[in-house]
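Asks: Can you keep this structure in mind? I'll have questions shortly.
The values are calculated or read from the model by the stated rules, or taken from the named source; none is laboratory data. Owing to the predicted nature of the structure, the values given are computational and were not obtained by experimental measurement. Because the Cβ atoms are built from the backbone with ideal geometry, glycine has one as well, and the counts that use them run over all protein chains shown. Protein only, heavy atoms only, side chains kept; ligands, DNA and RNA dropped before computing areas. Shrake-Rupley method; radii C 1.70, N 1.55, O 1.52, S 1.80 Å.
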Amino acid sequence: MKNLIIGAALLLAAVHVFAEPASSLTVDEGFVNPIGFYDATPVFSWKFPNGVKKQTAYRLETNAGEKHWDSGWVESDRSTFVPYQGEPFTSRQQVGWRVDFRDENGKESGWSEPAHFELGLLSAKDWKAQWIKPQGASDPIVEVPSWLRRTFSVGKPIARARVYVTARGLFELQLNGARVGNDHFANGFTSYNKRLDTLTYDVTGQLRNGDNTIDAMLGTGWYAGRLPFGTKTRGPYGHDPELLLQLEITYGDGTQDTVVSDGQWQGTFTGPVLSSSIYDGESYDARRQEGGWGPVAAEAGLGPARLEPKRFPPVRETETLAVQNITQPQPGHFVFDLGQNMVGWAKIKLPVEKDQTTTIHFAEMLKDDGTLYTENYRSAKSTDTYTAAKTGTIEWEPHFTFHGFRYVELSGLPAGATPQKDWVTGVVLHSDIPTTGRFTSSHAKLNQLQSNIAWGWRGNSVDIPTDCPQRDERMGWTGDAQVFCATAMFNTDSHAFWKSWLGSMRDDQEADGVIPDIVPTTTPKFRQRSPGWMDAATIIPWNVYVRTGDSGMLGENYAMMEKLVGWYRSQSVNGLLPKIKGYGDWLQPYPQPRATPGDWIGDRRGDTPIPLLGSAFYARSAQILADSARVLGRDEDAKRYAAEAAAVRGAFSRQYFDAEGKLRNAPETQTAYVLAIAFDLIPATMKAKAGENLVRLVHEADGHLRTGFLGTPFIAQALDQTGHADVASELLFQESYPSWFYPINQGATTMWERWNSYTRDKGFGDVEMNSFNHYAYGAIGQWMYERVAGLAPDPANPGYKHFFIRPFIGTQLDSASAKLETPYGTASSAWAKQNGSVTMSIVVPPNTTATIEFPDNRPPQTVTAGKYRFESKLK
């Protein structure tokens, strides 16, 4: 703002006296002392104590039994993803490591406290176990769990015991009656025919002298459930779940025993869980315990799928929610309101009567009469039941299901029972990826938007990035994921999460380079070859690289990127894609009618021509491929792909824009302008005029969005880049439909699939596609963090090695702040207006620099590690 006068900068950093040892030692994607680790040649990262400005040299040391590696002193400021260069580690190996560094004054820190990691089983050769399941076949439709059991004896003091385990399906383990680990929906959702994640548990303390019993319960899950989309038959990968388990015991005298899944186990389909389904819920009959034990079917061959240690944390309970209110809209039906749309299940603690069934229904919303609105769940029953074995008070929660809900309805309660709030607790479940970012402001609705973004991501990070957590879908849609990845990386440390999911993407990529619409994919139907969906293969690796500095992300996915760009090339005619199809600018508001018989997509595609979108994303993916090649030192590739990207940009610009920066040969849409600007598809001299045309369309829409899934994530950036941050801010703070605040005004506590999924005056929207927990439009979070608060990464110096502080101080706010735990430590940017002045408060972590761009014409200033305050007076 030109009416700001920047005052003097105040440096608040502590006075440096001496260097203390490094801390926060992690391996690979931020793992702290992991067990069952996957990487035989890891990379190491560490952080510095306050007061250190910069590292000038480091020394790394690892010890694994007799295997020792010492890097010696390396003159470098690198402190993240430092490669191990010794002999590769092996399965089961326990490794200790530590680091020493010299600071900017050459002072040596001394060795850090040692960190450690333990390798899992790295290949199929390490497995002696067999796949097992109860003999016979379960119900062909009902998702019946199975139980497996083995008793064995221990006769000597134990030094160490590890369970290595995976399943075709989902598993829960108990050892001597106590649960093993705290993971849910293990082993997770991968392309089961290509890769199975394995998990490692330390059970040293759970074994006892004498007889021991290990029990496993198996659920159909994603492997054998009725998915995707609620198919009547189940089993996208197989019909009955199977277990692969290896318990390795090391005794104090150095001898070893191994208990494996094999023909010595017993199995049954008879137990208290009558059915347990991701879509439909769980039915539990406490009167029926495990019984009818019989032999198991054992398969010695391990199958074609790779067995690899899981590369990110499993789903776990991360929070519980208390009931806020109870109503009784119908006699005997009590509705418990948790106050927040969430994902997980309800833990119940309530009175029951013998042989009576308590029914637990779930819903995200209520109808006007206070009853549950469940039509948007489509065929997903999303219902749990509990049948009591005796009269009394029970505590119960399910096993292999999860629900998307805010409201829990209980029925079938004892006559005369008066419900209490503590009868129901909402158990929040998602992949255990830690929160690393925080955004807040002086505006209550903007803060609610941030909360909705965070809850939307939390509920849709259930082992894979899902599109919705409640209906008969819950699939890994690539389009939703690519638009939201950057925002997810601010909210959470989801580095390993994305890296693992991209592994499934590589597994499912077709031979011609096409990326399926959903990953893991289970049906040929969802291979639309859709621009903006397929490009998750390039955009996500690049976004994660920019925010972490992990070039390995690019290396792992480089071949996949090449194949995708190659497919675009094979379809192009001089850089254009006249025949490409797909989902278009999905769910754009107010589209022109274009539905045709048998076309389930119809006018949901929006008005931006798909060939235009195809060329835009072809150019974007080719440029990312060129940039990735440059980072990886593939110089010839970088030149070739940069030339390809430039050629496609040229073809796009000539076909779709005139010299005045106005669209031609296509309908004028906000999204067409947005992508042309945000993806740098038109010459710099034309950008300003294109920006003016975009503003014109926004004004013609009365200051509202006319963008769908592909345009909305980039519209604020495109306006900002062309000098219209004020218009972007006006869009952000718009109250009426369609806008980010509109769902909030209707009571939203998560992001919605549609801006008008529900309105107070018209009720509920299209029941076929009406999710109240859908994170895609939460991608605006990126602009909130990077421009409203002003904390932005620098792609040229990734991982926040260097970053920008450049807040947009608009008229709608009095203050805003963002704080992020970067690979180097905490970075933050905050600003506040008070008494006619603006104060900027900034934290730059050790071993990094930041460039501050002031909100007036003062030249930018680059600073080193420390705390700073800049005061600016308003005219």
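Asks: What whole-number value in Å² describes the accessible area per residue of the chain for a 1.4 Å probe?
Replies: I get 36 Å² per residue for the chain.
Asks: Please work out the Cα center distance from the range 157-222 to the range 777-824, rounded to the nearest Å.
Replies: So the two Cα centres are separated by 41 Å.
Asks: For the range 394-496, build the charge dipole from Cβ charges (+1 Lys, Arg; -1 Asp, Glu) around the Cα centre, then report which of 417, 407, 466 sits farthest towards its positive end.
Replies: Among 417, 407, 466, the one farthest towards the positive end of the dipole of the range 394-496 is 407.
Asks: Among the aspartates and glutamates, which have Cα under 16 Å from the Cα of residue 390 when same-chain residues fewer than 8 positions away are ignored?
Replies: The qualifying aspartates and glutamates are 285, 353, 355.
Asks: Still on this structure, I have one more. Below 22 Å, Cα to Cα, which lysines can residue 367 reach? Residues fewer than 8 away in the same chain don't count.
Replies: Candidates past the 8-residue exclusion: 381, 421, 762.
Asks: Length gain on complete extension for the stretch residue 354 to residue 113, per 0.36 nm per residue less the alpha carbon to alpha carbon distance?
Replies: 81.1 nm
Asks: Can you give me the three principal axis dimensions of the range 425-495 from its C-alpha atoms, in Å, biggest first?
Replies: 38, 32, 20
Asks: Restricting things to Cα coordinates, could you compute the convex hull volume per residue of the range 794-875 in Å³? If you can, show how the numbers build up before the last one.
Replies: On the way: hull volume 7.5 nm³, N = 82.
Looking at the range 794-875, the number lands at 92 Å³ per residue.
Asks: First select every other residue whose beta carbon is under 12 angstrom from the beta carbon of residue 391; then total the charges, Lys and Arg +1, Asp and Glu -1.
Replies: 0
Asks: Specify whether the C-alpha gyration tensor of the range 625-728 places it in the rounded, prolate or oblate class, a ≥ b ≥ c being the square roots of the eigenvalues: rounded for a/c under 1.5, otherwise prolate if a/b is larger than b/c and oblate if not.
Replies: prolate
Asks: Exceeding 18 Å between C-alpha atoms, which entries from my cross-link table qualify? They are 67/499; 525/581; 579/689.
Replies: In this structure, 67/499; 579/689 lie more than 18 Å apart at Cα.
Asks: A follow-up question, please. What's the longest piece of the chain with no exposed GluC sites (Glu not before Pro), counting a site as exposed if DSSP puts it in a loop and it has at most 12 other beta carbons within 10 Å?
Replies: The segment 67-659 is the longest one with no such site.
Asks: If you don't mind, there's one more thing I want to ask. Rg and Dmax in Å for the chain, alpha carbons only: what are they?
Replies: Over the chain's Cα set, Rg and Dmax evaluate to 28.1, 85 Å.
Asks: Give, in nm to one decimal, the length gained when the segment between residue 639 and residue 149 is fully stretched (0.36 nm per residue of separation minus the Cα-Cα distance).
Replies: Full-extension gain reported as 170.5 nm.
Asks: I'd like the FRET efficiency for residue 646 and residue 90, computed as 1/(1 + (r/R0)^6) with the beta carbon distance as r and R0 of 51 Å, rounded to 0.05.
Replies: 0.65
Asks: Could you work out how far the C-alpha centroid of the range 381-453 sits from that of the range 706-772, in angstrom?
Replies: The range 381-453 and the range 706-772 have Cα centres separated by 27 Å.
Asks: HN-Hα J couplings of the range 325-331 from phi, Karplus 6.51/-1.76/1.60, θ = phi - 60°, integer Hz, Gly and Pro as x?
Replies: 7, 10, 10, 10, x, 9, x
Asks: Using a 7 Å offset from the Cα along the Cα-to-Cβ direction at both residue 559 and residue 375, what is the distance between the two label points in nm, to one decimal?
Replies: With each label placed 7 Å out from Cα toward Cβ, I get 5.0 nm.
Asks: Which of the chymotrypsin sites (Phe, Trp or Tyr not before Pro) found in the range 661-729 are in a DSSP loop and have at most 14 neighbouring Cβ atoms, other than their own, within 10 Å? Write down the numbers at each step before the final one.
Replies: Numbers: sites: 673, 679, 709, 714; in loops: 679, 709.
The qualifying sites: there are none.
Asks: Now a separate question. Multiplying the sequence separation of residue 76 and residue 264 by 0.36 nm and subtracting their Cα-Cα distance, what value in nm do you get?
Replies: Length difference between fully extended and current span is 62.1 nm.
Asks: In whole angstrom, note down how far apart the Cα centers of the range 575-640 and the range 34-55 are.
Replies: 38 Å
Asks: Semi-axes of the equivalent ellipsoid for the range 229-363, please: Cα gyration tensor eigenvalues, times 5, square-rooted, ordered largest first, whole Å.
Replies: Values for the range 229-363, descending: 38, 21, 19 Å.
Asks: Give me a comma-separated list of calculated 3J(HN,Hα) values for the range 296-313, in order, Karplus coefficients 6.51, -1.76, 1.60 applied at θ = phi - 60°, integers in Hz, x for any Gly or Pro.
Replies: Using θ = phi - 60°, the values come out as 10, 8, 10, 10, 6, x, 7, x, x, 5, 5, 9, 9, x, 4, 9, 7, x Hz.
Asks: If you don't mind, another one. Tell me the trypsin sites (Lys or Arg not before Pro) within the range 722-813 that lie in a loop according to DSSP and have at most 10 other beta-carbon atoms within 10 Å.
Replies: 760, 762
Asks: So, one more: Quick one: if the Förster radius is 22 Å, what FRET efficiency do residue 209 and residue 293 give, using the C-beta to C-beta distance and rounding to 0.05?
Replies: 0.30
Asks: Could you grab the relative contact order for the range 179-246? Cα pairs under 8 Å, six or more apart, rounded to a whole percent.
Replies: The normalised contact order for the range 179-246 reaches 24 percent.
Asks: Additional query: For the chain, build the charge dipole from Cβ charges (+1 Lys, Arg; -1 Asp, Glu) around the Cα centre, then report which of 837, 441, 55 sits farthest towards its positive end.
Replies: So the residue furthest toward the plus end is 837.
Asks: If you filter the range 192-269 for trypsin sites (Lys or Arg not before Pro), then keep DSSP loop positions with at most 14 other Cβ within 10 Å, what is left?
Replies: Working: sites: 194, 195, 208, 226, 232, 234; in loops: 194, 208, 226, 232, 234.
Filter output for the range 192-269: 208, 232.
Asks: Sticking with this structure for a sec: Once label points are set 7 Å from the Cα along Cα→Cβ at both residue 231 and residue 664, what is their separation, rounded to one decimal in nm?
Replies: Each label point is offset 7 Å from its Cα along the Cβ direction, giving 4.9 nm.
Asks: Along the Cα-to-C-beta direction of residue 735, a point sits 7 Å from the Cα; which residues of the range 432-454 have their amide N less than 17 Å from that point?
Replies: 443-449
Asks: When only C-alpha pairs under 8 Å and at least 6 residues apart count, what is the relative contact order of the chain, in percent?
Replies: Computed value for the chain: 12 percent relative contact order.
Asks: Explain nothing, just compute: Karplus ³J(HN,Hα) = 6.51 cos²θ - 1.76 cosθ + 1.60, θ = phi - 60°, for every residue of the range 694-705 in order, whole Hz, x for Gly and Pro.
Replies: 5, 4, 4, 5, 5, 5, 5, 8, 6, x, 10, 6
Asks: Among rounded, prolate and oblate, which fits the range 542-658 when a ≥ b ≥ c are the square roots of the eigenvalues of its C-alpha gyration tensor, a/c under 1.5 means rounded, and a/b larger than b/c means prolate?
Replies: prolate
Asks: Calculate what fraction, in whole %, of the accessible area of the chain sits on carbon and sulfur atoms when a 1.4 Å probe is rolled over the protein chains.
Replies: 48 percent
Asks: Can you compute the FRET efficiency between residue 699 and residue 759 using 1/(1 + (r/R0)^6), with r the Cβ-Cβ distance and R0 = 22 Å? Round to the nearest 0.05.
Replies: FRET efficiency, residue 699 to residue 759: 0.35.
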